[in-house]
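The values are calculated or read from the model by the stated rules, or taken from the named source; none is laboratory data. Small disclaimer: the values here were computed from a predicted structure and weren't measured. Please note: Cβ atoms are built from the backbone with ideal geometry, for glycine as well, and neighbour counts cover all protein chains shown.
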Amino acid sequence: MCENGHFRGFRSHAEFRPGGTFAGCFTRETLDRDADAVAARVEPSPRRRTEVLEDATRCALCGTPPAQHPMHDDGAVRTDREVWTWLQRWRPDVFADVVAALAVARARGDVAASWRLAMPAPVRERVVDALRASTLTSDQVVPPVRLAPIAKALSKRERDFAVNGLLIAACARCAATRWAQHHDARAFLQAYVQAMYDGDEARARTDTSRWRMMEKVAAAAAHASAHAVVRSA
């Protein structure tokens, strides 16, 4: 029944959206309820996200420890020596640029009280960006945008596994770049193995029930995303 009290037969919800037979019978707020309900089913709770970050010491995907942990201060990079050590170990390309820039500054006799001030602005910005990008954030092995189309096809146990069991702590750099391109089922499985089993697929397969659920979720998510790519082409 529409908001005007009329009963009308329809075959799908698409008929109520723009271009459909019954477009305009419902307000946008009403139509968005189903989408909101699906989103709620594939998004971890704030408490679950906090728990994952509280327990994390490094990015589950690339292994980088955060320069500044979002939940606690222990292990945070503070002094110049700690910054140098962190860059040398985790961002050697940035560290090489810093060393080269400081060598040029010293050759010119431009030695500031702080090595940070002696660097040219572009190099200093690279250092700041590297430190900021190491911040941990919660991420999902299979992101909500891939889970939403398959949410109804998963059992409650499978959906809870995909939403809460596959929630990880990832650095901002990994979280921002990993879903830029289309991912097939193998890519989802590789992310799962890397994040949950330190890249040891043999060990991941020994946990048979979880592996089978992961295979199902990965295949369904890849199939749904492949269809999305075709429709948008």
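Brief remarks on what is shown
- Within the option set Leu102, Leu53, being closer than 21 Å to Ala175 by Cβ and either modelled with pLDDT of 85 or more or under 27 Å from the mean Cα position of the chain (by Cα) (or both) holds for one residue only, Leu53.
- Candidates Asp73, Asp93, Asp32, Asp110 - the one that is part of a helix (DSSP H, G or I), exposed (fewer than 13 other Cβ atoms within 10 Å of the Cβ) and modelled with pLDDT under 90: Asp32
- Some residue of region 188-209 being touching a Gly at 6+ places or on another chain (Cβ under 7 Å), surrounded by 15 or more Cβ atoms within 10 Å (Cβ to Cβ) and in a helix (DSSP H, G or I): yes
- Per-region count, region 168-213, residues touching an Asp or Glu at 6+ places or on another chain (Cβ under 9 Å), more than 23 Å from Met71 (Cα to Cα) and aliphatic (A, V, I, L, M): 4
- Given (1) in a loop (DSSP other than H, G, I, E, B); (2) in contact with a strand residue (DSSP E or B) (Cβ under 6 Å, 6 or more places away or on another chain), number of the condition Ala170 does not satisfy: (1)
- Every listed requirement among (1) surrounded by fewer than 19 Cβ atoms within 10 Å (Cβ to Cβ); (2) within 25 Å of Val217 (Cβ to Cβ) is met by Gln68 save one, (2).
- Filter result (at pLDDT 90 or above, touching a Leu at 6+ places or on another chain (Cβ under 8 Å) and part of a helix (DSSP H, G or I)) within region 113-146: Val127, Ala130
- Summed over region 147-164, residues that are surrounded by 17 or more Cβ atoms within 10 Å (Cβ to Cβ), part of a helix (DSSP H, G or I) and of a type outside the set (Lys, Arg) total 9.
- Region 76-90 - residue that is in a loop (DSSP other than H, G, I, E, B) and not small (Gly, Ala, Ser) and, of those, nearest to Asp55 (Cα to Cα): Val77
- Taking residues in region 118-137 that are touching a residue at least 24 places away in the same chain (Cβ under 8 Å), and partners anywhere that are part of a helix (DSSP H, G or I) and among the β-branched types (Val, Ile, Thr), the pairs with Cβ atoms closer than 7 Å and at least 6 places apart or on different chains are Val123/Val98; Arg126/Val94; Val127/Val94; Val127/Val98; Ala130/Val94.
- Looking only at region 167-185, and only at residues there that are touching a residue at least 24 places away in the same chain (Cβ under 8 Å) and over 11 Å from the mean Cα position of the chain (by Cα), the one that is surrounded by the fewest Cβ atoms within 10 Å (Cβ to Cβ): His182
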